[in-house]
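The values are calculated or read from the model by the stated rules, or taken from the named source; none is laboratory data. No experiment lies behind these values; they were computed from the predicted model shown. Here the Cβ positions follow ideal geometry from the backbone for every residue, glycine too, while neighbour counts run over all protein chains shown. Areas reflect the complete protein model, heavy atoms only, side chains present, ligands, DNA and RNA absent. Shrake-Rupley method; radii C 1.70, N 1.55, O 1.52, S 1.80 Å.
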Amino acid sequence: ILPAGLTLRPYQQRGVQWMQTLDRLHLGGVLADDMGLGKTVQVIALLLSARDPEKKVGAIQPSIVVAPTTLTYNWLSELGRFAPDLSVMVLAGSAAQRASQIRHVKTVGDVDVLITSYPLIRQDIEQLTDIEFRFAILDEAQHIKNAGSKAAMAVRQLKARTRFALTGTPLENGVGELWSIFNFVLPGYLLSYSAFMRRFQNGAGG
């Protein structure tokens, strides 16, 4: 079911319906559209469609969006434009200020979408791991293409019912990058990193 009041192009509608299907099946996915095709608005439609309008403050299950620093306020702007009824918070400021914001999310329960950046989630992940998020969304997910990076290890610790990764370049330099992204959206689906690389690194997989 697509949210009322949000106009989507046919291919965007199919994208939202695909994500909704994966969510119902308790699976995650990679939305790998080219730039400019509206990955952000598709995710916003997904967030809107999953929101329970009857839920009162204190009972909202938040979602989290992790984006490059330069795009965090773009997400805030787009959510304000397309989903003004959603309550959105951008993690920002000093470590103490961010800790206060995270405590607010945990205790007050009035935030639908929490937005943070790849640099900040590396610093704040210990405080975020005990939040059960509805959706965990990675924008420009190629930022975790190195499976051993601090950002990749941090986002893997997030707890969420459903995970999605958005990227226009899911594979740039090697198949290991694909493993890293899938290990976020579907942990264990592509075996361990070493087993996956042994099988596919040299094109030996069938």
| message | Ranking request for peptides 70-77, 117-124: highest mean number of other beta-carbon atoms within 10 Å first, then the rest in descending order. | response | 117-124, 70-77
| request: Starting from the residue with the highest accessible area, list His143, His104, His26 in decreasing order, probe 1.4 Å. | output: His26, His143, His104
| Between the helical axis of 95-108 and the dominant principal axis of the chain, each derived from Cα atoms, what acute angle in degrees is found, rounded to the nearest 10? | 70 degrees
| said: Suppose a student asked you for the relative contact order of the chain, using Cα pairs under 8 Å spaced at least 6 residues apart; what percent would you report? | reply: 23 percent
| Which whole-number value in Å² is the accessible area per residue of the chain, probe 1.4 Å? | 50 Å²
| Accessible-area order (highest first, 1.4 angstrom probe) of the listed residues Ser194, Ser180 | Ser194, Ser180
| field | Hydrodynamic radius of the chain per Kirkwood, over alpha carbon pairs, in Å | value | 17.5 Å
| request: Quick one: work out Rg over Rh on the C-alpha atoms of the stretch 59-116, Rh as Kirkwood radius. | output: 0.96
| said: Which order do you get for Val175, Val65 if you rank them by accessible area with a 1.4 Å probe, largest at the top? | reply: Val175, Val65
| said: To the nearest 20 Debye, how big is the dipole of the chain about its Cα centre, given +1 on the beta carbon of each Lys and Arg and -1 on that of each Asp and Glu? | reply: 340 debye
| request: Mind giving me the nanometre distance, one decimal, between the label points for Arg24 and Asp130, set 7 Å out from Cα along Cα→Cβ? | output: 3.6 nm
| said: Taking the full set of protein chains and a 1.4 angstrom probe, give the accessible area of Lys150 in square angstrom, rounded to the nearest 10. | reply: 150 Å²
| request: Compute the signed sum of charges (Lys and Arg +1, Asp and Glu -1) over the other residues within less than 11 Å, Cβ to Cβ, of Leu46. | output: +2
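By the scheme Lys and Arg +1, Asp and Glu -1, what is the net charge of all other residues having a beta-carbon under 11 Å from that of Ala141?
Residues close to Ala141 contribute a combined charge of 0.
Carbon and sulfur atoms: what percent of the 1.4 Å accessible area of the chain do they account for?
Carbon-and-sulfur percentage of accessible area, whole number: 52.
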| Residue by residue through the stretch 142-159, which ³J(HN,Hα) values in whole Hz follow from phi under the Karplus form 6.51 cos²θ - 1.76 cosθ + 1.60 (θ = phi - 60°), with glycine and proline marked x? | 4, 5, 10, 5, 8, 4, x, 6, 4, 5, 5, 5, 5, 5, 5, 7, 5, 9
| Once the Cα atoms of helix 39-50 and of the chain are each reduced to a long axis, what angle between those two axes, in degrees from 0 to 90 to the nearest 10, is obtained? | 60 degrees
